[in-house]
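Here's the structure, in structure tokens; my notes come after.
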Amino acid sequence: MNDPTSTHSAIPALDFTEPQPGSDRRTFMVRSAMATAIGLLGGQVNPLFAQAPANAQPVKLDPNLNVVKQSKGPVMTLVDEFYKVGPGPSSSHTIGPMRITYDFYQRAIKLPQAQLDQATALKVHLYGSLSATGKGHGTERAALAGLIGYEPATIDPVAVLDKMQAEPNKTYPVKLGTKTINSSLADIIYDATKGDFPHANTMTCMLMAGDKVLLEQEYYSVGGGFIEWKGYTPPKKNPPKYPYQSMAEVIAFTKRDNISIAQLAMANETSISGRSEAEINAFLDKIIGAMRATVKTGLAAPTSTLPGPIKLKTKAGDVYRSAMAEQLPARKAIGIVSAAALAGSEENARGHLVITAPTGGSAGVMPAVLFSLDAAGAKVSDQKLREGLLAAAVVGYLCKHHATLAAAEGGCQAEIGVASAMGAAMIAQALDAAPQIAANGAEGALEHHLGMTCDPVAGFVQIPCIERCAFGAVKSWTGFLIAKDEIPANRRVDFDSTVQALAITAKEMNSKYKETSEGGLAVSLTLC
């Protein structure tokens, strides 16, 4: 047997160079582990180390997109841009497309009446992930709703979207000044799923006069309900009081001025927007009320079968009742948090109104965390809940700024992972923990979602999405508790490094696992 003290010479030094384009992380890790084991056992470097990586299909983002440009300056996002109320089941595939078509309708009606008089039809083409999984997300109904004048925050999903599903051939009048044309679901076209698109969620809207195009605009649903379009210029904003691009800078500001993350966030909200603290708090109260409502409604809903081919039974109410009957406090707490997350996520799957925090697919996580801090759990005040939402927003902003919130770009790590990190920061802030504990808790929650794929079965936001919200909410508490109980200075991994890992993993992840339903559970699970 070889002398174990000599085996180190057979193991190659760590390689810190950038991976080759097209690297497949899973293949790389398996081969590296095998090669290292052979090197240790055999005493020589294995030639596997020298082989080229397997091909993959990373998503390339257009450098002209604002989400790419914004990553080069201080965070400027505001809470009323970040937390959105709208219909489920997806912020990028439901809320985003509805905002897009509503925006296009507003542009169209501004054309001269002479042009509008020529109009014969409105057409919407869906590309990439929007086309691949749009049917399971109700994208065509959301897009049609926007065209006929509905907005996500004020729409009644049952009266409008559910009715569209029940009456798929119905036509709807669209007023274009004095001219009226008809639109229907047939005008929403599921186009190419593969192509060199500026963003994985690309769509085009056109106002037609026969075969002639009167108005056309290309749009991108970039995640979390945020939208952009070709030629997009972000609105001018005032400079932030605390210009930051990283969590390290956030922590430095809090130490310098002896403030909390929530106080920093509020100062930036008022300085950037020009609104008062009372106005910001009024908006946060609406979000708190919406989160409470989605959990309450989801828990009270009778057990039923969710729409779609999966025939998935709901269980939030069952889990909640079992948890309330549990005698052991730890089991009861985990059960209640899980039930609340299931409730919010099942409401999302029903297509009812939810809150993007940061997305529709992760819509059960933050409401469950809020529920556990509210009257059913820690019983913190409404002011502490507001502060928690502000701290959580900072975490979400940084993930949006440097990585992505869209599963179509980065898999489920970008949705559930970010939501879980936000939840950990919210808990820490609401319980008056130090800023470093909030940052460390968010880091831990995000770190342990890295690599999570988005592989919705049949393209519906049900399996594995609903239960993932429950696991994400529980991990929010796990992340916070570890951060609270450890010595903060001893944490080896910082939040900014983990966000960078999120971005790298998103870039290298195979496109099959980016909300296309072409891999993972979407392929392995057989529906009867």
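Annotations for the structure displayed:
- Entry for region 283-356 at q = 0.15, 0.23, 0.25 Å⁻¹: log10 I(q)/I(0) = -0.52, -0.98, -1.07, Debye formula applied to identical alpha-carbon scatterers, no solvent contribution.
- What the Cβ-Cβ distance of Lys286 and Ala159 gives, at R0 = 25 Å and to the nearest 0.05, is a FRET efficiency of 0.75.
- Restricting the trypsin sites (Lys or Arg not before Pro) of region 441-528 to loop positions (DSSP other than H, G, I, E, B) with no more than 10 neighbouring Cβ atoms within 10 Å leaves Arg492.
- Reducing region 121-146 and region 157-229 to their Cα centroids gives an inter-centroid distance of 6 Å.
- Per-selection Rg to Rh, region 159-241 - Cα, Kirkwood hydrodynamic radius: 1.05
- For the chain, accessible area per residue (1.4 Å probe, heavy atoms of protein chains only), Å²: 43 Å²
- Extension gain for Glu81 to Thr305 (0.36 nm times residue separation, less C-alpha to C-alpha distance): 77.3 nm.
- Cα shape, region 209-266, gyration tensor, a/c 1.5 rule: prolate
- Evaluated with a Cβ-only charge set (Lys, Arg +1; Asp, Glu -1), region 317-357 carries a dipole of roughly 100 debye about its Cα centre, given to the nearest 20.
- A simple spin-label model places pseudo-atoms 7 Å from Cα toward Cβ; at Glu467 and Ser273 they are separated by 3.8 nm.
- Förster radius 35 Å - calculated FRET efficiency between Glu326 and Ala458, Cβ distance, rounded to 0.05: 0.55
- Cysteines, the chain, no other Cys beta-carbon under 4.7 Å: Cys205, Cys399, Cys465, Cys469, Cys528
- Farthest towards the positive end of the charge dipole of the chain, among the residues Leu328, Leu353, Ser276, is the Cα of Leu353, using unit charges on the Cβ of Lys, Arg, Asp and Glu.
- Residues Ser184, Ser497, sorted by accessible area with the largest first, give Ser497, Ser184 [1.4 Å probe; ligands and nucleic acids excluded].
- Cα-centre dipole for the chain with unit charges at Cβ (Lys and Arg positive, Asp and Glu negative), debye to 20: 580 debye
- Each Lys and Arg Cβ is given +1 and each Asp and Glu Cβ -1; about its Cα centre, region 273-405 then shows a dipole of about 340 debye.
- Straight Cα distances below 17 angstrom link Lys379 to the lysines Lys296, Lys332, with same-chain residues fewer than 8 positions distant left out.
- Residues of region 477-517 with amide N under 13 Å of the 7 Å Cα→Cβ point at Lys255: 488-490
- R0 of 41 Å, Cβ-Cβ distance Gln500-Lys236: FRET efficiency to nearest 0.05: 0.90
- In plain terms, if you count all Cα to Cα distances in region 106-155 and split them into 5 Å steps from zero, the share in each step is 5, 16, 22, 20, 18, 12, 7, 1 percent.
- Prolate/oblate/rounded call for region 392-528, Cα gyration tensor, a/c under 1.5 rounded: prolate
- Ordering of 190-196, 333-339, 114-120 by burial proxy (mean other Cβ atoms within 10 Å per residue, highest first): 333-339, 114-120, 190-196
- Surface composition of region 452-512: carbon and sulfur atoms hold 62% of the protein heavy-atom accessible area at a 1.4 Å probe.
- Once the Cα gyration tensor of the chain is diagonalised, semi-axes √(5λ) in Å: 38, 29, 24
- Among Ile487, Ala376, Val395 the positive-end extreme of the charge dipole of region 361-496 (Cβ point charges): Ala376
The values are calculated or read from the model by the stated rules, or taken from the named source; none is laboratory data. Everything quoted here is computed from the prediction, not taken from an experiment. Note that we place each Cβ from the backbone using ideal geometry, even for glycine, and neighbour counts take in every protein chain shown. When the accessible area is computed, the model is the full protein with side chains, heavy atoms only, and any ligands, DNA or RNA have been set aside. Shrake-Rupley method; radii C 1.70, N 1.55, O 1.52, S 1.80 Å.
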